Amino acid sequence: MKKLVLLGGGHAHVEVLRRFGLSPASGVKLTLVSPDRHTPYSGMLPGLVAGHYRFDECHIDLEPLARYAVTRFLQTSASAIDPERRYITLADGSTVDYDALSIDVGSTPPAHGIAGATGHTIPVRPVKDFLVAWDALLARLRNGDVQSLGMVGGGAAGVEVLLAMEHRITQLRKLHALRFVLVTDTPQLLANHARSVRATLTRNLARKKVEVHCATRIARIETGTLIGENGTRIAADAIFLATGATAPQWLTASGLAVNEEKFININKYLQSTSHSEIFAAGDCATIEGKRYPKSGVYAVRQGPPLAENLRRFLRGEPLVEYTPQQRTLALISTGEQHAIASWGALSVHGNWVWRWKDQIDRKFIAQYRLPWRQQ
């Protein structure tokens, strides 16, 4: 039996499990290692925060999915990989060996360079920890001891989550709205999107009285205060962090080839450039020579070729190429059931865009629930 280990329950790996369930691989023993039983779908996270979805509507239950794929599910985290001896060390010190390994463990917002960030901010990833902190914040709000909320990060994740929090909190407090602050070190929000997208977003933020600070690099965070490199002080009782992505430290120390940003270096086959028996997908990896955003869209698209290449590798067959798309459709939610669609220089917005997004997201989640159906 060949041993295939899936490390992490990310967007690409849920598709690998689904495909191995639809078409089992003879002579292959599968193991899934993930600290969490429920995988959040990133596209629906803002809707969950805003109160539009229940937890079960936007999470994929890995346990029945693993059972469907005849996969041993180890609900624990990994602490190290030994790529030379081909085994993973788990949190309890036990090990799992492999003939082929696939890594899809996501990323976390980088806190380095911001003094005090680790102790005074709530990162939006990992999502499980963020949701626990969000629930705790809602409890504090009911007690009236939070009057302002800040988000550091002006990309899509930071903007969507902040607007989702604003919507939920405004609905809860009604007449007693909080002060919301959005801070980014870039000259403008959503810098990679068209001007029309930024204009629509700016109007939305202004209508909701969100205080925006662009071109403001945060150097230090103290209790209740963001401090910029230029000395600017911005008050916020609760501070969230959505400043890009970085790979887990234990992963970068594994001896695998990584790029300058410490993400696993992979080739056009989603295969480690230093260890051919290791594959990687999602935010924790980057294709050598390619630049594309750390977005769930790419992780989802990597699922099918990853599943195919894992089968082919174990059979000793030629691998198939994956090329990241140059342009993707971005559907950016704005708190209430309203969204902006962005495609290159084109954009539209409205409640109908949110309903369209909702249909796409629900269809994605439905693939990983009974009854199973081939897509």
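No value in this document is a laboratory result; all are computed from the given coordinates. What you are looking at is a predicted structure, and each value in this text was computed from that prediction instead of being measured. Positions of Cβ are generated from backbone atoms using ideal geometry, with glycine treated the same way; all protein chains shown enter the neighbour counts.
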For region 163-262, taking Cα atoms only, what is the radius of gyration to one decimal and the Dmax to the nearest whole Å? 17.0, 55
Which residue fluctuates most in the GNM of the chain (Cα springs below 10 Å): Ser23, Ser333, Ser102? Ser23
Label 7 Å along Cα→Cβ of Ser94; region 21-37 residues with amide nitrogen under 20 Å? 29-37
May I ask you to derive the FRET efficiency for Lys268 and Asn192 from their Cβ-Cβ distance with R0 = 25 Å, giving the value to the nearest 0.05? 0.60
Students often get this wrong, so try it: which of (i) 1.06; (ii) 1.00; (iii) 0.96 is Cα Rg over 2.2 N^0.38 Å as calculated from the structure shown? (ii)
Relative contact order %, the chain, counting alpha carbon pairs below 8 Å whose residues are six or more apart: 20 percent
Under 26 Å Cα-Cα from Lys128, which lysines qualify once same-chain neighbours fewer than 8 residues away are excluded? Lys262, Lys294, Lys357, Lys363
In nm, what is the difference between 0.36 nm times the number of residues separating Lys209 and Lys3 and their Cα-Cα distance? 68.7 nm
Unit charges at the beta carbon, dipole of region 117-244: most positive-side option, Leu138, Gly154, Leu178: Leu178
